[in-house]
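Below you'll find the structure, written out as structure tokens, and then a few comments.
Laboratory data are not the source of any read-out in this text; all were calculated from the coordinates shown. Worth saying up front: this structure is predicted, and the values here are computed from it rather than measured. FYI the Cβ positions are ideal-geometry reconstructions off the backbone, even for glycines, and counts take in every protein chain you see.
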Amino acid sequence: MPQHRPELTRAYRTVVTVSGPIMKWARMRVTGLDCLPATGPVLLVADHDSYWDPIAVAVAVSKVRQVRALAKSTIWKNKVVGALMTEMGHIPVERGASNADAMATAVTELRKGACIGIFPEGTRSLGRELRARTGVGRLAEAVPEATVVCIRINGTVDVVRLPQRPSVTLDFYRPAGGQLQPGESAAQFANRLLAELRDGAPREIPGRKKAAAKYRAKATVQAAANQD
């Protein structure tokens, strides 16, 4: 990978500077980062089990470039955090809505050469099997020249489980099935990517003991319902 100094906004660099030592303590190990192009449009796709996932990704990719994430709009309700998110270039999406404006913004920025991050599950799994949302497929359709890079994230759920020291891993790779294929729908593409992600990053239960027990119980109930 060519040596270069990535252009990061001040807010992004601040978040990485603050979060870097936490990820070092979490023994974060990154593999396959050479799959991520330093320039040009990129769709960065990852599994999502923990609130620490986007932070781990931000720290890992900061050595190469800045990622602009599609993130839930409720984060912007806090004015300070919202301002930080905006300065980092993140794009708010509202759950349950069409998010036409957010998708249009993501398409525009991709065409300009941005790296857009997206979780195909749309939210943390909480140990549940969630369907893939079509957003990543629609972006791939709109900007076929964007390189698709996936990240399998493991161990971030343990960051809050003090005094246990976590072991976080991020594995960057290009999808085995390649880019969006001719005749492949947005939904099929999203499902394919999610299946590949979860093949190497099994769903994990987040939270400390009490919260984890609650999420585990709900995931068990859902799994039983899905089998009926």
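A few notes on this one:
- Charged-residue dipole, Cβ positions (Lys, Arg, Asp, Glu), the range 10-227 about Cα centre, Debye nearest 20: 980
- Per residue, the chain reaches -12000 deg cm²/dmol at 222 nm when only DSSP H runs of four or more residues are counted, each adding -39500 (n - 2.57).
- Listed residue pairs exceeding 27 Å between alpha carbons, taken from K72/K210; K79/K210; K24/K209; K24/K77; K24/K218; K72/K112: K79/K210; K24/K77; K24/K218
- Taking D53, D101 and counting other C-beta atoms within 10 Å, the order from fewest to most: D101, D53
- Cβ-based net charge around W25, under 14 Å, with every Lys or Arg adding one and every Asp or Glu removing one: +4
- For F119, F172, the sequence from fewest to most other C-beta atoms within 10 Å is F172, F119.
- Among V15, V159, V67: highest mean-square fluctuation, GNM of the chain, C-alpha pairs under 10 Å: V15
- Rounded to the nearest 5, the antiparallel percentage of DSSP beta bridges internal to the chain is 25%.
- Overall shape: rounded for the chain, with the ratio a/c of the largest to smallest alpha carbon gyration tensor axis below 1.5.
- Positive-end residue of T86, A102, S167, charge dipole of the chain with Cβ unit charges: S167
- Magnitude of the charge dipole for the range 149-217, about its Cα centre and with charges confined to Cβ atoms of Lys, Arg (+1) and Asp, Glu (-1), is about 580 debye.
- Cα gyration tensor category, rounded, prolate or oblate, for the range 77-183 with a/c compared to 1.5: oblate
- Backbone N within the range 124-167 under 17 Å of label point (7 Å from K24 Cα along the Cβ vector): 166-167
- Residues V42, V80, V148 arranged by fewest to most Cβ contacts within 10 Å: V80, V148, V42
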